[in-house]
Amino acid sequence: MHTVSLQINGKEYSLETGRFAKLAQGAVMVRYADTMVLVTVCASSEKRDLDFLPLTVEYREKTASAGKIPGGFFKREGKPSDKEVISARLIDRPTRPLFPKTWRHETQIVATVFSADQEHDSDTLAAVGASAAIMLSGLPFGGPFSEVSVGRVDGEFILNPTYKQLEESDLEMIVAGTDDAILMVEGASKEISEEDFVAAIEFAHANIKQFNNMQRELVALAGKPAVEFIEPTIDETLLEAVNALIRDDVHAQVRKMSSKEFRSAFRKEITEKVVASINEQMPLETADEIAARNKTLSKIVGKIEKHEMRRMILDENLRLDGRKTTDVRPITVEVGVLPRTHGSALFTRGETQSLTTVTLGTKDDEQIIDGMLPTYFRRFMLHYNFPPYSTGEVGRMTGTSRRETGHGALAERAVKIMAPNEAEFPYVIRIVSDILESNGSSSMATVCASSLAMWDAGVPSKKQYPVSLWDSSKKAMKWRF
């Protein structure tokens, strides 16, 4: 058993390995005060024939960790809550880019909260544990990275603030990074200056480095031998042949004003051209060899297209749809588009579109949140839906995806801060954003559409409304109830 630790805010923050989950390839128990999270990592020995990194992250909270029995009839933990989904995403996002792009072994990170002291959130602890567990496992990884939360009370930054301190804080930010770079920033704040925002990130990064050093100490004590991994390379002869064949066509195409649909059709057409030409010039004997090379050719086409797009953006300040880098896509907004909703708005920016509704309810409509923390009520909800037709695709619709949960939470943070408090506006507010088209930031479209729909519903804002978007007939809410 090996343990390393440091002092944070007068409390011990430790990483322990060798006592729990010893059959996992990497296992770390992270402890801060009386909050403890066990994080494990396992990777399959067989390489999958995939074109993406098969990494999954699971984050689970046990109500027993806080001395509670789950509510409901079944009295056991069920599907992940929104909080658990968002915490898993906070681990996934900084972890994924540090694996080699060509890593194709199924890899799973599981973080389980076994003790919760009701003072410190366990999400950033789980992220640090994930990095440490991967480092211990010997898997190919560009870490360590660490994740911290930052608050600010009375002008002073606080590292990993308690729940109580966050209630008094004017910002809540989660930052992940290596020694040299920031990997992820997520959070919310009241209106702060750009200088304050940068200062918060610098404060976080300075502290991230000490957590990274702590992980290196643990790896020096208990790290496993590195797993042998050789990055596959692309045949230079093949790359040059494809480049000579399509470079001029791609160069010309990316500079034409075109839609997402047209670009997809062009990519399919040019890939078919490359496959036919190369197979004719360099014939192979077996169907398996041909299929493998065709996959490689498709990747090469994508690399050439990406290279030409980057050159155009960096050298000529032009984007794919013909805009300069300082131009904004055409924006149109409509309010009151749905006659029987309390509020509605249609926000369209280029080929991205959100149809958003606002529904107002009474206190009986509040959502009860029962988890590790004491049960509380939620009166402001924003739900984000991303159906497959929004990208012109076919897909299964089996419930809310992690992406939908995460994007909804992101937009909710932006809009909720401007919503009135309960004393001023004693209604429950539910916002639903349905993405009808997506070729850009649909979460930001959700923020804009949500603001419009709230105004249409007559929800007072903490800031003055633009007059052109305000319908004075909906100022009074009494007639709606």
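The values are calculated or read from the model by the stated rules, or taken from the named source; none is laboratory data. From a predicted model like this one, the values you see are computed outputs, not experimental measurements. In this analysis, Cβ positions are derived from the backbone assuming ideal geometry, glycine residues included, and neighbour counts consider all displayed protein chains.
Worth pointing out:
- Options Ile278, Ile313, Ile290, Ile304; residue that is farther than 24 Å from Ser438 by Cβ, among the β-branched types (Val, Ile, Thr) and surrounded by fewer than 16 Cβ atoms within 10 Å (Cβ to Cβ): Ile290
- Some residue of segment 327-341 being surrounded by 14 or more Cβ atoms within 10 Å (Cβ to Cβ) and within 17 Å of Ser438 (Cα to Cα): yes
- Residue in segment 124-140 that is in a loop (DSSP other than H, G, I, E, B), assigned by TED's automatic domain parsing to the domain that holds Arg216, among the small types (Gly, Ala, Ser) and within 21 Å of Lys224 (Cβ to Cβ) present: yes
- Filter result for Val335 (of a type outside the set (S, T, N, Q) and in contact with a helix residue (DSSP H, G or I) (Cβ under 7 Å, 6 or more places away or on another chain)): yes
- Counting only residues that are assigned to a strand (DSSP E or B) and closer than 25 Å to Ala88 by Cβ, segment 141-157 holds 6 of them.
- Every residue from segment 225-241 that is surrounded by 13 or more Cβ atoms within 10 Å (Cβ to Cβ) and either small (Gly, Ala, Ser) or at pLDDT 95 or above (or both): Ala241
- Within segment 421-432, residues that are closer than 20 Å to Ala449 by Cα reach partners that are of a type in the set (Lys, Arg) with beta carbons closer than 7 Å, at six or more positions or on different chains, in the pairs Val428/Lys363; Val428/Arg379; Ile429/Arg379.
- Filter result for Thr40 (buried (at least 18 other Cβ atoms within 10 Å of the Cβ) and closer than 23 Å to Arg378 by Cα): no
- Test: residue in segment 165-185 that is in contact with a Pro (Cβ under 7 Å, 6 or more places away or on another chain), in a strand (DSSP E or B) and more than 28 Å from Gly26 (Cβ to Cβ): no
- The listed residue being among the charged types (D, E, K, R), closer than 21 Å to Lys11 by Cα and in the same structural domain as Ile69 (by TED's automatic domain parsing), out of Glu168, Glu119: Glu119
- Residue check for Thr35: outside the structural domain of Leu373 (by TED's automatic domain parsing), farther than 20 Å from Val219 by Cβ and at pLDDT 95 or above: yes
- Test: residue in segment 426-436 that is within 19 Å of the chain's Cα centre (by Cα) and either at pLDDT below 90 or in a loop (DSSP other than H, G, I, E, B) (or both): no
- Scope segment 91-112; condition over 18 Å from Ser44 (Cα atoms) and in contact with a Lys or Arg (Cβ under 6 Å, 6 or more places away or on another chain); matching residues: Thr112
This table checks each residue for (1) modelled with pLDDT of 95 or more; (2) touching a Pro at 6+ places or on another chain (Cβ under 9 Å); (3) surrounded by fewer than 24 Cβ atoms within 10 Å (Cβ to Cβ); (4) farther than 30 Å from Thr233 by Cα.
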position: Phe73; (1), (2), (3), (4): no, no, yes, yes
position: Arg76; (1), (2), (3), (4): no, yes, yes, yes
position: Ala88; (1), (2), (3), (4): yes, yes, no, yes
position: Asp92; (1), (2), (3), (4): yes, no, yes, no
position: Thr95; (1), (2), (3), (4): yes, no, no, no
position: Thr112; (1), (2), (3), (4): yes, no, yes, yes
position: Gly129; (1), (2), (3), (4): yes, no, no, yes
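- Considering the conditions (1) in contact with a Phe, Trp or Tyr (Cβ under 8 Å, 6 or more places away or on another chain); (2) closer than 23 Å to Leu6 by Cα; (3) in contact (Cβ under 8 Å) with a residue 60 or more places away in the chain; (4) in a strand (DSSP E or B), Gln118 is excluded by exactly one of them, (4).
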